[in-house]
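See below for the structure under consideration.
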Amino acid sequence: MEIRIFTSADADQVIALWRECGLTRPWNDPRADIDRLVGFQPGLFFVGEDGGAIVAAVLAGYDGHRGSINYLAVSPARRCEGLGAAMLAHAEAALRGLGCPKINLQVRADNRDVVGFYERQGYEIFEVVDLGKRFSA
């Protein structure tokens, strides 16, 4: 797998991957998410390509205080090959290169397999309350 920065030509494959992995929600438009990120931090959106197909993707972000990891996805047919760990390590290296001191990420509470994946990558559960406010639907 080759890890590279996302290009607009990757959008359809990435959205299909997110959907296949159950990462999309009816209230979030994945194309709008992509457009916002590419317009703001294009160098922190990575795809894993193998044989011309996008098999993994990850969005990273950095606000100058904390980094974030979002939409880490690996094709279900390619899981347990180390692709998720490789994508995560690539995003972490990019964030460290920007001087990022800490990464926060969110996992839906019922997604225990993914929590276990992140724990194996050195992440720990912090006892915090996650609050949010939507500005648009």
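The values are calculated or read from the model by the stated rules, or taken from the named source; none is laboratory data. None of the values given here were measured: they were computed from a predicted structure. Backbone-built Cβ (ideal geometry, glycine too); neighbour counts: all protein chains shown. Quick note on the areas: whole protein, heavy atoms, side chains included, nothing else; ligands and nucleic acids left out. Shrake-Rupley method; radii C 1.70, N 1.55, O 1.52, S 1.80 Å.
Checking Glu81 against (1) modelled with pLDDT under 95; (2) on the phi > 0 side of the Ramachandran plot, which single condition isn't satisfied?
Of the numbered conditions (1) modelled with pLDDT under 95; (2) on the phi > 0 side of the Ramachandran plot, the odd one out for Glu81 is (2).
Please verify whether the stretch 12-29 includes one or more residues that are assigned to a loop (DSSP other than H, G, I, E, B), touching a helix residue (DSSP H, G or I) at 6+ places or on another chain (Cβ under 7 Å) and β-branched (Val, Ile, Thr).
Checked the stretch 12-29: at least one residue is assigned to a loop (DSSP other than H, G, I, E, B), touching a helix residue (DSSP H, G or I) at 6+ places or on another chain (Cβ under 7 Å) and β-branched (Val, Ile, Thr).
Just to be sure I understand the filter: pairs with C-beta atoms under 8 Å, separated by 6 or more residues or on different chains, first member in the stretch 124-137 and among the β-branched types (Val, Ile, Thr), second member open to solvent by less than 100 Å² (accessible area, probe 1.4 Å). Which pairs pass?
Listed pairs, sorted by first residue: Ile125/Val115; Ile125/Glu119.
Only residues in the stretch 8-19 that are surrounded by 12 or more Cβ atoms within 10 Å (Cβ to Cβ) count as the first member; pair them with residues that are assigned to a helix (DSSP H, G or I) and not hydrophobic (A, V, I, L, M, F, W, C), Cβ under 7 angstrom, at least 6 apart or cross-chain, and list the lot.
Ala11/Arg31; Ile15/Pro30; Ile15/Arg31; Trp18/Pro30
Any residue at all in the stretch 53-70 that is in contact with a His (Cβ under 7 Å, 6 or more places away or on another chain), closer than 18 Å to Asn104 by Cα and free of Cβ contacts under 8 Å to residues at least 60 places away in the same chain?
no
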